[in-house]
Amino acid sequence: MAVCVCVIGKDNGPIYMRSRSRADELSQTVEHNLSQMAFRGVTANTELQYNFIVSSALDIIEERALVGSSASGYKGNPSLHPSASGGAVGSIDGQQLATRELYLGALTAREEYKVYGYMTNTKIKFVIVIEETSIPLRENDIRTMFRKLHSAFCDLMSNPFYLPGSSINSKRFDAVVTSIMSGQ
Amino acid sequence: MENKPLITYSGDLAVFQSVVPSLQKGIGSEAVEWKRAYGRTTKHVHLHPRFIPFNQEEICVSNVDSSSISVPEQAPLTTLLDQAMLHTYWTDCVDVEVYRSTTKDAIQSWLNSVKSCNVREWLIILVETPDNKKTNKLLPRSSVLDKIKNDFAQKQTERCVCLSDPQKLDSKSAESLHSMLHRLRQLLLASYSKTLTKFEENMRAQRERRNEAGWNFCHYFLLQEELAFVLEMLGVYDEALVQYDELDALFTQFVLNSHLTDTPQWLLSFQRYGDRWPALSLATNLACLSEIRETVRNSTVSLLNFRNYLFARQALLLIKQNRLNELAQRSLSFLHNCINELAILDVAFSEEGAVSCWVFVSCLEILSTICGHGQTPTGAVTSPQNNLKSSLESQDKGQSHNNKQHPNQANPQHHPYIFMTASDFSVHTAHLWDYAREKLYELGKLCGLLPKSQPKSDHLHKVISLAAGLVCFDSAAHNSTNGNGTTSVSSSEGSSDNLEEAAAETPIEKLKNALSSKPLFQQYYLELCELAMGTYKHIGRLRSARKVGLSLASYYMEAEEFNKAVGFLVDALKTFTNDRWTVLVIDVLLKLAECYQAVGDNERYIRTCAQIACSKQLESSRRNHFFDEMMTCLTEIEGNDRFVISPTEETFIINTVKIDTLGKIHLESCNVRVTVDLYSNLPRPVLSNCVQAAILPYDNHTGAPSVPTFPTCAPVKGKGQQKHTNKKVQQNQGAEGKGGARTTLATNNENDTAVGRHSPNSSGDGKERLSRKESAALAPALTCEDEDNLAIGDINPSVLRLSLMQQLETKQDKSVHMGRLMCHNIHQALRRKDSQVKADVQVLKTDFSQVAKANDIIINPGANVIVLEAKITSPGTYRLCQVSIGVKNFELLSPRMGCKYHFDVEKVIGKIDVDSLESSLIAGIEQMMSLSLHTGSNSIEKGMMLYIRASVDLQLRVDGSSEMCSEIAVPLEYTGAFATTKARFWVKAALGPQKDNSMIEHKLMVRCPWSIEETKLSILFVPPFMSSYKLNSVGQRKFIQVMLQGLTETQFLIADHSLSVQHKNAENIPLVPLNPRSQQIKLRTGQNVSYMWEIGVTEVEDDHPLRLEFSMKFQCENKSAELYKYYVCLQRFKTLYEVKSRVEPHKGSEFCRVGNMCSMFVDITKFGSDVHLSLMYEVRADQHLWAICGRSTGVVLMEGNATQQIVLDVMPMSPGFLPLPAVHLSRYIPADQKSGSSSVPKLEPFSVGQVFNRSKASQIHVLPPQQSSGSTSGLSGGSNSSLPVVTDSPF
């Protein structure tokens, strides 16, 4: 379940940030109590916390963007994938692929969430924080989310009244983000 | 103990014993190609089997036992490790008879028992000793070997091998040994292949039943692990790992599904044991692992233990393959996954913080393994920090070094990883460090170890119970006293290992230590922070590092060590500001403010408060709070000399700056009005005591030559060092200017790479490099001039001037084929510019000695317009450099403005002009004229004089009373700057005899009161009239006519004309005026006046010039009359000859007719006595009128007689009244005079009046030609023809 959707401009400043407050997402499990405690250790402000999460995910987006496609095959998913020769294949793929894939895969993971990234060709970055739940989301689901977000963003950019790079204030975009966050 | 493939032996034991050493040695020496079913890749396997005696009971019984658990009928294999994979029979029987009698039966019974085993692969080895051979030589064909083959292996002859003479060292026996070994390996592997295929089939069948009731994962796990063990034993680690990964995935799937459907029974056991959180141990200690295995077998394993075990096995296999990087990569997700599973399975732990303990210890364990691998294969010996440092070092030193450290990595099979490990290690470890740090913090919080909390007894209790739960099988010996004794089974085995490792801290001990006391906790926590941050920075994840830094800062703030916190906060602030991540920036600012306040750093506190107060994202109450804080603080430090200087950046935004100025110095100074349109972000109005804008001279020269060498005009923060190098290079190049730009760039690049190359060699320490990077970013790189230059560079277009070059391409025949312009600095000119130019945070105060300022201005929130005033005293070009806004002792400085806003101030020198009057000045009369004085930047005080000097013949006068003179001083009125005053005075230009209408030019030398230099002004006078004369003759009488022509619009009254002879004997010459004496004439332009006098000729000797003076008075209205004089000079004007000519028709005809020849008579009469006797005449006529026949030119001698007649024939050419042909006389001086002065005859013209032509204007009537039939034309029709009429000219 997506708990935070963020759009980051090309100069690394956020232009859209929407997160679900953790308060309305109570969970009885021990690990959630723990994680909440962990959060309180730094700050109680969850909104702020998401900002931190996304900000540090930027590091990895930059890394991925730098290495380009060659890294995506190899570093892409920190979750288990038993590819013995993954490194070799990845590097070969990198040379062959002329265009970078927009979807950057999982960027970071914590106990309670995973962060996924997507970067358009104009260096607009989308970051979605997915809460780690018992029902894991498939890679494809996440790709779909990003594709949806991207097309919503394209629509937004097509609006002549939207100044590119300014913070996003659009009902339609909001609606798309809401639908993403509610998992539709 | 190590697992090995098992081979049984039976038969002749002595024979086997003799061969076994060479077998043991030889069998593993060569790899065997293992071809496998299902198209799996072929592996090369080294076999190191163990030989055990064949014991039918043991082998078969164990089989029956194990198989009875699952499938009794088919008795499929459930264990593999204890299976003998090959059965061998050894014999040295050489005698066929013996064979037949005993050996055959023995083999047969052995074979029978083998057939009853699970693995039925067998091999019979016949050892031929040398002495045996000799006896057998006679019967080679029916050897024992053949017999054996025949009896037992008719179809599988390869199952019988003959080993010849193993003791001997000759080639034959070596070869036979070799082939025997080969056979042995082949069969062993074939046996494995067969067995494993069967095993896998069974395994798969088992797996397919996983959803059936009664299925137990634990049992299946053990089954598949068996396979993994075998693969591991055979050295096929990657496939062994695959087995574990499959198990892992299967288990994960079960756990995930359990959430959705009913939890299977077997899974319930995993949920137990919430009172223990055993730490992960990656030590290759089989005892500890087998301990867990035992619990798996009993289905009493806890989730954590199971996961620990699984991961430990995976890690082990990864390490064996030197895939440390993958291990690092997997570990974080392993930890996360575990926690997730704990949650899904609702494993309740007895103590809060248990999971944190587990995570922390596991993190450290993994880290120590990753970092320690290669140096200490057993792991967990050195402390992780040391390992990290060394690993960082090793990473910096690059790949080659890395290979040395991990020699195993030279294995070509895993070649790609060598390239990965060096750089990628820390990508994964960084997270682990961070994770461990986080967990330690949580634990510290739980146990009351944070700076602010006081440890209480329940905290202590917590520590103890947390530590108690942390049992590890590995360290059971330590824990047996306070643990609950479940692990005591392994104590005997584990203790020996623990003793060895006691020297270093295990992760568990570390945790226990850390939780034991506050200082230790702090030490560990800080250490972890440092490591996490360092590793993040090392891999270039600055933001993550900043996040850790912020946590650390929070910790320091809690510990009230604010000074330490500030550094981290400032770093974070920079990073977030760079990203323009306002939410984070505000968060950091709030913390910073807290720190500064606590430390008492007023200056920074004020700055931070201002920044916070301007943050729009914050709610207004907080903004107001910080605004108040700022103001109170400012009030406190008021009266202090010190000023708090800060960039305006966020507080005030200067939108536009407008400069209003005339640009001219008015007296001393020039007023400049600067209108600043500024936007205040402060939440409330603020009183600024002084707003100023620095005005600096705009110096084109300082900017232009030095700037071009800055390759880009983007002074982005953090490139300070580069800028410096740039600067240096540039100085070396001097004023080379644009040409140097590219080379500068190149050197810069070189420099960069040099740094890159240099640092690993010199230090090899990642941290040092990092710190250097940091310091470079912090360096206050720019001086004032640099900054200005950069600012100029932003705007000055000449910086990016294109250097275009013409380029012509010629064809072979040297004609131009193509011409083009090439830009050489295209890279620079077309360089993509950073659209977000960020100024350095540090704003340097420029020279505020000359300012436009305004005092005590209230700046309201939002837009403000502030008007600043300045007075510029000296001329020049100025620019606005910086705006400073002072609020009490707080001075906010805007970024440099470069040359965007500039203005000129000039000093205007006064000017003098001649006023143009409506009518031009007229010479000869006195007139008023005026000069205009434009004061410019000067002013004229009352009483100042304007000194005027006139050129010759020009006279001046200040006013009516004074005398005319050539030099005057005109007093001036008071006049301010940039005004005009007039100086009036009288002028009179002398009027001489004026023969034409040309203007008379005069000069005025004027000296202004404000300068000592004289200005030359030129003025033009128009003459009122011009005069000319004419001499007229009538025969001998002479008349002189003087004509005046008016030239001006002004009307003049002319009177009193007179003509007098300026001669000694003037009275003798009578001049008879023909005009009345009192005649007065008005004259203006376009009008002429003539005066006439008759000169009494007879009294005059005209050899000498006769000078006549004409004088008259002219008067402009109401002005005094002026005298005008004109001189006439006459010489040789008396009449000497008179010419009279007439044309007559020839005799017989009465009229002149066109075409008829006529006679022309020219009479020349002589008066007086001319010494020259010869005259030359010339008759000239228009060819259309007259045709002159005969001699038109001739010389006449005028000796004696007074009159000479010349007759010419002329013919009229057209009818009508024709003027007579003109006769021209001149003196003829013949060539052969005595004097001999000239050999050529000469002509000398007469002067005016000496020859009088009496018939000058006379005409003759010519009739048209006769109508013509007859030759008698001349006489016919005479009736109507008129007589020739000769009209006399008036003279």
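The values are calculated or read from the model by the stated rules, or taken from the named source; none is laboratory data. Please read all numbers here as calculations on a predicted model, not as lab measurements. Don't worry about glycine lacking a Cβ; one is built from the backbone with ideal geometry, like all the others, and counts go over all protein chains shown. The protein model used for the area step is the full one, side chains on, heavy atoms only, and it has no ligands, DNA or RNA in it. Shrake-Rupley method; radii C 1.70, N 1.55, O 1.52, S 1.80 Å.
In table form, for the structure just shown:
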{"read-out": "Drop in accessible area of at least 10 Å² in the complex versus isolated chain, residues of region B:572-587, 1.4 Å probe", "value": "B:PHE576, B:ASP579, B:ARG580, B:TRP581, B:VAL583, B:LEU584, B:ASP587"}
{"read-out": "Average beta carbon contacts from partner chains per residue of B:331-340, 10 Å cutoff", "value": "5"}
{"read-out": "Per-residue SASA entry for B:GLU1150, accessible area with 1.4 Å probe, Å² rounded to 10", "value": "110"}
{"read-out": "Kirkwood Rh in Å, taken over region B:875-1013 so that all alpha-carbon pairs contribute", "value": "18.7"}
{"read-out": "Set A:LYS171/B:LYS547; B:LYS462/B:LYS537; B:LYS25/B:LYS147; B:LYS995/B:LYS1119; A:LYS171/B:LYS616; B:LYS616/B:LYS853 screened for pairs whose C-alpha atoms are more than 27 Å apart", "value": "A:LYS171/B:LYS547; B:LYS462/B:LYS537; B:LYS25/B:LYS147; B:LYS616/B:LYS853"}
{"read-out": "Length-normalised contact order of region B:1156-1221 in % [C-alpha pairs under 8 Å, at least 6 apart]", "value": "47"}
{"read-out": "Distance in nm between pseudo-label sites at B:GLU33 and B:SER803 (7 Å out along the Cβ direction from Cα)", "value": "6.6"}
{"read-out": "Karplus (6.51, -1.76, 1.60) ³J(HN,Hα), θ = phi - 60°, over region B:116-122, in Hz, Gly and Pro reported as x", "value": "7, 7, 5, 9, 10, 7, 9"}
{"read-out": "DSSP-assigned coil residues among GluC sites (Glu not before Pro) in region B:890-935, each with at most 12 further Cβ atoms within 10 Å", "value": "B:GLU918"}
{"read-out": "Ranked order, A:ASP155, B:ASP170 - accessible area, probe 1.4 Å, largest first", "value": "A:ASP155, B:ASP170"}
{"read-out": "B:THR873-B:MET929 pseudo-label distance in nm [points 7 Å out on the Cα-to-Cβ vector]", "value": "4.1"}
{"read-out": "Pairwise FRET efficiency - B:THR1085 versus B:ARG1191, Cβ, R0 = 51 Å, nearest 0.05", "value": "0.50"}
{"read-out": "Probe 1.4 Å, accessible area per residue of region B:288-355, Å²", "value": "22"}
{"read-out": "Under-5 Å amide H pairs with B:ALA1187, H placed in peptide plane, nonlocal only", "value": "B:MET1211, B:MET1213"}
{"read-out": "Between region B:575-624 and region B:899-926, the Cα center-to-center distance that results, in Å", "value": "62"}
{"read-out": "Separation of the B:THR675 and B:ALA1257 label points, Cα + 7 Å toward Cβ, nm", "value": "8.3"}
{"read-out": "Accessible-area value, B:TYR1029, 1.4 Å probe, nucleic acids and ligands omitted, Å²", "value": "90"}
{"read-out": "Solvent-accessible surface ranking, highest first, for B:ARG272, A:ARG110, A:ARG172 at 1.4 angstrom", "value": "A:ARG172, B:ARG272, A:ARG110"}
{"read-out": "Net charge contributed by nearby residues that have their C-beta within less than 9 Å of B:LEU450 (K/R +1, D/E -1)", "value": "+2"}
{"read-out": "Shielding by partners, peptide B:538-551 (average Cβ within 10 angstrom, other chains)", "value": "4"}
{"read-out": "Cα convex hull of region B:501-551 - mean projected area over all directions, nm²", "value": "4.3"}
{"read-out": "Of B:LYS1113/B:LYS1134; B:LYS4/B:LYS198; B:LYS35/B:LYS155; A:LYS114/B:LYS452; A:LYS114/B:LYS574; B:LYS1003/B:LYS1030, pairs whose Cα-Cα distance is over 29 Å", "value": "B:LYS1113/B:LYS1134; A:LYS114/B:LYS452; B:LYS1003/B:LYS1030"}
{"read-out": "Loss of accessible area when B meets A, both sides summed, Å² nearest 100, probe 1.4 Å", "value": "4400"}
{"read-out": "Region B:566-613: relative contact order in percent, alpha carbon pairs under 8 Å with at least 6 residues between", "value": "34"}
{"read-out": "Rounded to the nearest 10 Å², the accessible area of B:PHE1039 at probe 1.4 Å", "value": "30"}
